[in-house]
Amino acid sequence: MKKYPIGIQSFEKIRSGNFYYVDKTEFVYNMVKEESGYYFLSRPIRFGKSLFLDTLHQAFAGRKEYFKGLFLENNWNWDEQLPVLHISFGAGIFKDSDSLNWRFNYLLSGFAEEYKVKLKGKNISDRFDELVRKISEKQNQKVVILIDEYDKPILDNIDKPESAIEIREELKNFYSVIKDLDNYLQFVFLTGVSRFSKVSIFSGLNNLKDISLDSRYSAICGYTQNELEYVFKEPLKHADLKAIKEWYNGYNFLGEPVYNPFDVLLYLDTGEFRNYWFETGTPSFLIKLIQDRKYYVPELEFFSAGDEILDSFEIDNLSLETVLFQTGYVTIKDQFKLDSEYVYMLSYPNLEVKKSLNRYILKSLSQVSISHRTKTQINIRKALAAGDLEINENFHSFFASIPHDWYRKNRISEYEGYYASIFYAYFTATGLDVTAEDTTNKGRIDLTIKCDDKIYIIEFKVIEVDKTEGTALEQIKKKYSEKHQQKGKKIYLIGIEFSKDNKNIKNFMWEKV
């Protein structure tokens, strides 16, 4: 039986062992045949960037034996073997510029030893420049530079702006060397999570081609539907393809949607639907941004952004939407052109991210134990499934658990959006079909929830702030429309009123239509 290459980033190990492999070597061919020769790719963590980089390494090194049966086997000049500088910042945590410089020196010394050249330079930039020139002259060949996770030293310190900026400048000096080595370089490829502007990181490297949102390379990492069903045909014989797609597909980089490969491999190995990818990273910094910006969480369901949002990851001016997109918590669902600019519609990529992120948001807002929170979610899910809306006590208990100090530092308890965010996160974390800001011909409904044969339509109101006439339940009756009347569906209207003074639910009203 073939094995699943879970967490394996070595192309050689996968191809020499009995592992499944999705052939991505045609992308290698397409990149190399172009005249650019300088590429950059941004993808979320655990998406196969490192494996693809190692695939490039083995191809340029002329290891034909590992490409048997793959596209590149008969579409590559195997007689030419080029020197490769494969640099990775994936190992360890970079706490400051000293630890980064230590890593630089370690890597450069290793390459100098491998290619038997001596470096006389004192600073990192000079040593890097000297290394490339001497290797090229000694080998009488141009050099290939592959840099994996180019931005990890910055991201390790993203919650410490001063350290992050200091490290950014060190990286800038290091990468700037490449621009003056054109005559010595055959191919350059950098990967990372974030897309910092060329000005801030790659100053002067104007010929660096960003393929992150190039439709021709949208499936360079991740599995397409056809790849999934063809390569993993045997283990998928009795699997629920629809459920797998709902859980792990949906990442879109302006081309065909792709599956997260890390999720797929672990699901095939265990046979269980779990939040495998989400568990590999802790979005604590992201949650802090959501809290600090008082972000309306239901808006994550569907929001728009322009080009400047998607590629402007800057330490001193972080955009929450940019961080969400580049780290993989939201993805592109649609795009259209407005005048001369593109507008992108973004949302969660799949059920795994939607449930897990909202569960994490809830965790950050409450001091209740995991068991208590889980019990409350189960009770609410069962109540909605049964059409039993005596769930006020469950939510009242949750709001009472939110630390008073959290309110003291934030005035958002005065706003309806805060309470709507809590409810949205709670319902979404249970896996329910939730729609925020549901538009009808009579206005916008705060939340719509579908649960089996029932539809729940919810309106929120902060009584000390919203002076609109009528209760929340009376207001929702004015917005309710024929849109929600579906054959065989039971409709429930729910009005929830909050008190900013008591910081909890004041009135919970409902009726069945």
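Where nothing but the Cβ of Lys and Arg (+1) and of Asp and Glu (-1) is charged, how large is the charge dipole of the stretch 11-217 around its Cα centre, in debye to the nearest 20?
200
Take each of the peptides 287-294, 142-149, 166-173, average the number of other beta-carbon atoms within 10 Å over its residues, and list them starting from the highest.
Going from most to least packed, we get 142-149, 166-173, 287-294.
Hey, rough spin-label estimate for residue 364 and residue 173, points 7 angstrom out along Cα→Cβ, what's it come to in nanometres?
Computed distance between label sites residue 364 and residue 173 equals 3.4 nm.
If you add up the charges near residue 341, with Lys and Arg at +1 and Asp and Glu at -1, over every other residue whose beta carbon is less than 11 angstrom from its beta carbon, what do you get?
-2
Of all DSSP beta bridges located in the chain, what percent are antiparallel, nearest 5?
Within the chain, antiparallel bridges account for around 55 percent of the total.
Sticking with the crude label model, points 7 Å out along Cα→Cβ, report the distance from residue 502 to residue 316 in nm, one decimal please.
About 4.9 nm, to one decimal.
With just the Cα atoms defining each centre, how far is the stretch 283-344 from the stretch 48-110? Give it in Å.
Cα centroid of the stretch 283-344 versus Cα centroid of the stretch 48-110: 31 Å apart.
Taking 0.36 nm per intervening residue step and subtracting the Cα-Cα distance, what contour gain separates residue 115 from residue 292 on full extension?
58.7 nm
With r as the distance between the Cβ atoms of residue 91 and residue 34 and R0 = 35 Å, compute the FRET efficiency 1/(1 + (r/R0)^6) and round to 0.05.
Step by step, r from the Cβ atoms, then E = 0.65.
Tell me the GluC sites (Glu not before Pro) within the stretch 56-116 that lie in a loop according to DSSP and have at most 16 other beta-carbon atoms within 10 Å.
Sparse-neighbourhood loop GluC sites (Glu not before Pro): 80.
Provide the packing ranking of 262-268, 32-38, 272-278, 372-378, i.e. peptides ordered by the mean count of other C-beta atoms within 10 Å per residue, highest first.
In descending order of packing, they fall as 262-268, 272-278, 372-378, 32-38.
Efficiency by 1/(1 + (r/R0)^6): what FRET value for residue 453 and residue 98, r their Cβ-Cβ distance, R0 = 45 Å, to the nearest 0.05?
After rounding to 0.05, the efficiency reads 0.15.
For the stretch 295-308, take each phi angle, set θ = phi - 60°, evaluate the Karplus expression 6.51 cos²θ - 1.76 cosθ + 1.60, and give the result in whole Hz per residue in order, putting x for glycine and proline.
These are the phi-based 3J(HN,Hα) values: 5, 7, 3, x, 5, 4, 4, 5, 9, 10, 7, x, 4, 5 Hz.
Using the beta-carbon distance between residue 339 and residue 210 and R0 = 30 Å, what value does 1/(1 + (r/R0)^6) give for FRET efficiency, to the nearest 0.05?
After rounding, the FRET efficiency stands at 0.85.
Select from 52, 205, 374 the residue farthest towards the positive end of the dipole of the chain; place +1 on Cβ of Lys and Arg, -1 on Cβ of Asp and Glu, and compute about the Cα centre.
Comparing the listed Cα positions along the dipole, 374 ranks first.
Want the number for residue 433 to residue 382: 0.36 nm per residue separation, take away the alpha-carbon distance, what's left?
Between residue 433 and residue 382, full extension yields an extra 16.9 nm.
Just to be sure I understand the model, the point goes 7 Å from the Cα along the line to the Cβ. What's the resulting residue 233 to residue 474 distance in nm?
Between residue 233 and residue 474, the label points sit 6.6 nm apart.
Within the stretch 51-65, which residues have the backbone N less than 11 Å from the label spot 7 Å out from residue 73 along Cα→beta-carbon, could you tell me?
65
Mind pulling up the Rg/Rh value for the chain? Radius of gyration and Kirkwood radius, both on Cα.
Ratio value, two decimals: 1.03.
List every residue whose amide H lies under 5 Å from the amide H of residue 40, counting only residues 5 or more places away in sequence or on a different chain, with H placed 1.01 Å from N in the peptide plane.
Those qualifying (amide H under 5 Å, at least 5 residues apart or on another chain) are 190, 209, 210, 211.
Could you tell me the relative contact order of the chain? Use alpha-carbon pairs under 8 Å, at least six residues apart, and round to a whole percent.
11
Convert each backbone phi in the stretch 37-54 into a coupling constant with the Karplus relation 6.51 cos²θ - 1.76 cosθ + 1.60 (shift: θ = phi - 60°), then list the ³J(HN,Hα) values in order as whole Hz, x for Gly and Pro.
x, 10, 10, 9, 9, 10, 8, x, 5, 6, 10, x, 5, 5, 5, 5, 5, 5
How large is ³J(HN,Hα), in whole Hz, for each residue of the stretch 133-144 in order, when computed from phi with the Karplus curve 6.51 cos²θ - 1.76 cosθ + 1.60 and θ = phi - 60°, using x for Gly and Pro?
Each residue of the stretch 133-144 in turn: 4, 5, 5, 4, 5, 5, 7, 6, 9, 7, 9, 9 Hz.
Taking square-rooted eigenvalues a ≥ b ≥ c of the alpha carbon gyration tensor, is the stretch 251-357 rounded, prolate or oblate, where a/c under 1.5 means rounded and, failing that, a/b exceeding b/c means prolate?
Oblate shape, in that a/c is at least 1.5 and b/c is the bigger or equal ratio.
Taking amide H atoms as placed 1.01 Å from N in the peptide plane, list the residues 5 or more away in sequence, or in a different chain, whose amide H sits under 5 Å from that of residue 504.
For residue 504, the qualifying residues are 499.
Do the alpha carbons of any pairs in 294/477; 245/355; 64/209; 24/68; 116/138 sit beyond 18 Å of each other, and which pairs?
Violating the 18 Å Cα-Cα cut-off are 294/477; 64/209.
What is the set of long-range amide H partners of residue 314 at a cut-off below 5 Å, with H atoms built 1.01 Å from backbone N?
Residues meeting the criterion, in which the H sits 1.01 Å from N, are 319.
Where Rh is the Kirkwood radius over the Cα pairs of the stretch 36-173, the temperature 37 °C and the viscosity 0.692 mPa s, what D in µm²/s does Stokes-Einstein return?
Result for D is 197 µm²/s.
Once you order the gyration tensor axes a ≥ b ≥ c over the Cα atoms, which shape class does the stretch 223-280 get: rounded for a/c under 1.5, otherwise prolate or oblate by comparing a/b with b/c?
Here the stretch 223-280 falls in the oblate category.
Read the figures in this text as sums done on the coordinates, not as results from a lab. Nothing here was measured: the structure is a model prediction, and the numbers come from that model. A quick note on method: Cβ atoms are made from the backbone with ideal geometry, for glycine too, and the neighbour counts reach across all protein chains shown.
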